[in-house]
Amino acid sequence: MTGSPGASERLFSRARALMPGGVSSPVRAFGSVGGTPRYMARGEGAYLFDEDGRKYTDFCMAWGPNILGHAFPAVIEAVTKAAQDGLAFGTCHRNEPALAELVLEAFAPADRVRFVVSGTEAVMTAIRLARAHTSRKLLLKFSGCYHGHADSMLVKAGSGIVTLGLAESEGVTVAADTLVAPLGDLEALELVFKEHGSKLAAALIEPLPANNGLLIQEPRFLKRLRELTAEHGTVLIFDEVINGFRFGFHGYAKVVGVQPDLTTLGKIIGGGLPVGAVVGGAAILDRLAPLGKTYQAGTMAGNPVALAAGIATLTELRTGAPYRHLEALGAVMDSAVDSKKDRAFRMVRVGSLFWPYYALTGPIPTQAEKIAPEAVAGFKSRYGQWLDAGFYLPPSAYEVGFLSAAHSPNDVERLVAAL
Ligand SMILES: Cc1ncc(COP(=O)(O)O)c(C=O)c1O
């Protein structure tokens, strides 16, 4: 699979004349890996097919939502059926309690969920709720965690920003209300709460940070964060937009045994269509309008077709079969990596998330600031070869790869050989 991707080049050139950078979301522009972004025409199982008819084994999986693979038959069937009944009503729909029951079963003891359209919106809503609940303004986030593109979260925010080399986004005026602490640093954490604890409305964290490499945190860091937030009356928000439903029919909170006050979800719960959610206890969630005075609304929130995709996806995940397959694929990946003695990378993997780290010495980073420049360079310099060989990885050294239930052991072994 060599030669120039003619159709993608023509489309990108057309798009660049019409759209900023030619894209609808910045990292898709291939700015950090070079070359022309591939225009994908079709997806099936573990594979993508571009406008030139080239086939790629996909390890980006739409950045997470497609845990069952592309065009999973039960999801497509559910979406088709829902679409035939009409795309949007702007009314209540039976799919809302159906998806709510599935989500709350997985996130017990939380007993309320509000559906929104994206992970960004879920985070915006969670922050607004935390501020309403505490009558405080200040937020705490951790360097390298990405929480979507709400103004207050665009500081030290992971892949898109790090890739662009921006400390924060222009046009953001409210970042002064956000404190940023290093991940995993217990001393810094104690200090932040000692100085600002009584003013903190919320602390937000990706419990398994997966937007700036895969930065595995010690459970005791998350446990201490839970203790400190509880002591200071600060709302603890776990952003599980990537983590949620990724490691089992539950959140990563269950894996580490730490219960947040609010959880934000996205990606998998929409099964490939736009659904986000805020999950938590009634004491906080019932502050939302129409019950309370915290306003949030959306023309497309709880869209019946999008929720149908989520219901079909979660129904399949609930059987446990996809997770068993993903676990087996993880083991295949580990032994394939171990068997390659001359490899140039170390693999960082948690379940179906993986991050090839192109530095053979030094510790595996658990903080964004500790990622070795050579690891970034090593990824970038190889990306074009992977594309030519038919592997589609997220186009940034800071992004994690995603295994799906549609991948075969052979797909994973071929990927490791290519890496
Ligand atoms: C942890 C996390 N939070 C929030 C978001 C934002 O979600 P969305 O892109 O749906 O707005 C993302 C997106 O990648 C994410 O990974």
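Please treat every number below as a calculation from the coordinates, not as lab data. On a predicted model such as this, the values are computed, not experimentally measured, just so you know. Virtual Cβ from ideal backbone geometry, glycine too; neighbours counted across all protein chains shown.
The simple spin-label model puts a point 7 Å past each Cα toward its Cβ; for S339 and N410 those points are separated by 1.4 nm. The distance between label points at L360 and R14 comes to 4.6 nm (points 7 Å beyond Cα on the Cα→Cβ vector). Scanning the chain for chymotrypsin sites (Phe, Trp or Tyr not before Pro) in DSSP loops with at most 14 other Cβ atoms within 10 Å, what's the longest stretch left with none? My reading of the result: 90-294 is the longest stretch.
Think of it as helices only: each DSSP H run of n ≥ 4 in the chain is worth -39500 (n - 2.57), and spread over all residues that comes to -11000 deg cm²/dmol at 222 nm. When DSSP beta bridges are restricted to pairs lying wholly in the stretch 73-318, around 40% turn out antiparallel. Can you tell me what share of the DSSP beta bridges in the chain is antiparallel? A percent to the nearest 5 is fine. Expressed as a percentage, antiparallel bridges in the chain total about 60. Length gained on full extension, T319 to E101, computed as 0.36 nm times the residue gap minus the Cα-Cα distance: 76.9 nm. Near the amide H of L138, within less than 5 Å, lie the amide hydrogens of A201, all on another chain or at least 5 residues away, with H placed in the peptide plane.
Distance between the modelled labels on T299 and A418, one decimal in nanometres: 4.0 nm (7 Å Cα→Cβ projection). Label point of A389 set 7 angstrom out along Cα-Cβ; within the stretch 50-79, amide nitrogens under 17 Å from it belong to 55-60. Principal axis extents of the C-alpha atoms in the chain (largest first, rounded to whole Å): 59, 55, 46.
Subtracting the Cα-Cα distance of K223 and E369 from their residue separation scaled by 0.36 nm leaves 50.3 nm.
Translational diffusion of the stretch 73-318 was estimated from the Stokes-Einstein equation, with Rh taken as the Kirkwood radius over Cα pairs; at 10 °C and 1.306 mPa s the coefficient is 87 µm²/s.
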